[in-house]
Structures are given as structure tokens and as C-alpha cells.
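The values are calculated or read from the model by the stated rules, or taken from the named source; none is laboratory data. On a predicted model such as this, the values are computed, not experimentally measured, just so you know. A quick note on method: Cβ atoms are made from the backbone with ideal geometry, for glycine too, and the neighbour counts reach across all protein chains shown.
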Amino acid sequence: MRTAQITRNTQETQIAVAINLDGQGKAKLDSGIPFLDHMLDQIVRHGMVDLSVAAQGDLHIDAHHTTEDIGITIGQALFQAIGDKKGIMRYGHAYVPLDEALSRVVIDLSGRPGLQFNATFSRAMIGSFDVDLIHEFFQGMVNHAMMTLHIDNLTGNNAHHQAETIFKAFGRALRMAIAADPLCPDRVPSTKGSL
């Protein structure tokens, strides 16, 4: 089983994450940010990973530190759980619609952190959640998962739908990238021999 448990404690946040990449789509989410929990659940359900997140953060200031640090901690857990990347597909992609919204996400488990994030949300807030934090979440995750990630919201005029398509598409793309490659079960998918 490809699993990891990571704890991150700072003066701003205390976060514990557990992940099972060979899970059944089960979530136990308590970030203190209901909208973020809803988005993380999209990754779980569509990525078919098991994810537990327990976070305490300085939400009396705002949700920035907690959201970013959850991204960092999930990224660390992904990196550890994926391991040496032998026998995985490495690349994943997905297009996901939700009514008028459509997003595309492409992942390369390259060992090199890089984020291209192209989304213009129709409004700045979804309830009490600042949409700028979606970028911060993925930036933190990418930097510590050591992945290349392209996120494009192609269309949409409902910010909730736009965000949800991004997280669903990420889950589907991740599921593809971490899947076993039946043609190369014992090889790292790189001409370098390592990722």
C-alpha cells in the first residue's frame, strides 16, 4: 500500500495528513474551512485515494495560512506515498465539466515543481472563501509533491462550479498519473532512470 502520514506544526498552523493512494475514495476532513473540505472531498472521490486532514490554524486572521499549509502537507504526503515512481504512468490529464464550467488539469510527476494556473473566477469570494487561496493551495502542494501541474479553467461564470471542476479534474488526473503501467511495471518512466 502506498501510504504516508505527515505532521506539520508551525506558529500559524498544526496539520496532520494521512493518505493512501490505493484507497477507496474515503475522506476524513476537518480543515476548519468548510469550502476547502468540500474541494478536498472532490480530490478524494474522483482520485479514489483515501485522505485524512486535521488542521488547526489562525483562522481568526484569515484562511490563507491554513489553506497553504494544508497544500504543503498534502504535497509532502503525496511525495512520500508515491515513492520511487517505478511502474507508474507518471502523466495524467482530465477535462471535467460542471454545468457551464469546464476545467482541464494535466499532471507530470516529474520530480520538478512547476505550476501553471489559469483561472479567472467570476467573483472573489465563494461564501467566506477567498478564491485566491485555490492558487495558494496548489502552489504549496506542487512545491512539495515535486510535480508539474497545469490547471486551466476553460469556461465558467459560477465561481463555485469553476473551483469544483478544477478539484475534480485534479483528482481524475492524479488517479491516472499514479496508476500502474502494465507495460512497464518495473521501470521508472524516464530516460534518466529516476524522477
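For the stretch 125-157, which residues satisfy the criterion of being assigned to a loop (DSSP other than H, G, I, E, B), in contact with a Lys or Arg (Cβ under 9 Å, 6 or more places away or on another chain) and either at negative phi or without any contact (Cβ under 8 Å) to a residue 12 or more places away in the chain (or both)?
First pass over the stretch 125-157, keeping only residues assigned to a loop (DSSP other than H, G, I, E, B): 127-128, 131, 146-147, 156-157.
Imposing the further condition that a residue be in contact with a Lys or Arg (Cβ under 9 Å, 6 or more places away or on another chain) reduces the set to 131, 146-147.
Once the filter is applied, which keeps residues that are assigned to a loop (DSSP other than H, G, I, E, B), in contact with a Lys or Arg (Cβ under 9 Å, 6 or more places away or on another chain) and either at negative phi or without any contact (Cβ under 8 Å) to a residue 12 or more places away in the chain (or both), the stretch 125-157 yields Val131, Met147.
So Ala180 clears everything in (1) among the aliphatic types (A, V, I, L, M); (2) buried (at least 17 other Cβ atoms within 10 Å of the Cβ); (3) farther than 20 Å from Gln42 by Cα except one condition, right? Which one?
For Ala180, the failing item is (2).
Residues checked against (1) within 15 Å of Ile178 (Cα to Cα); (2) in contact (Cβ under 8 Å) with a residue 24 or more places away in the chain; (3) in contact with a His (Cβ under 6 Å, 6 or more places away or on another chain):
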position	(1), (2), (3)
Val44	yes, yes, no
His60	no, no, no
Thr66	no, yes, no
Ala77	yes, yes, no
Arg90	yes, yes, no
Glu100	no, yes, no
Val105	yes, yes, no
Leu109	yes, yes, no
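Within the stretch 8-23, can you find the residues that are in a strand (DSSP E or B) and either surrounded by 16 or more Cβ atoms within 10 Å (Cβ to Cβ) or touching a residue at least 40 places away in the same chain (Cβ under 8 Å) (or both)? Explain how you work it out, then say what you get.
As a first pass, look at the stretch 8-23 and keep what is in a strand (DSSP E or B): 8-9, 13-20.
If the condition is that a residue be in a strand (DSSP E or B) and either surrounded by 16 or more Cβ atoms within 10 Å (Cβ to Cβ) or touching a residue at least 40 places away in the same chain (Cβ under 8 Å) (or both), then Arg8, Thr13, Gln14, Ile15, Ala16, Val17, Ala18, Ile19, Asn20 are the ones that fit.
Quick one: which of Ala77, Ala94 is surrounded by fewer than 23 Cβ atoms within 10 Å (Cβ to Cβ), among the hydrophobic types (A, V, I, L, M, F, W, C) and at pLDDT 95 or above? Walk me through how you get there before you give the answer.
Details: Ala77 fails: surrounded by fewer than 23 Cβ atoms within 10 Å (Cβ to Cβ).
Going through Ala77, Ala94 in turn, the sole match is Ala94.
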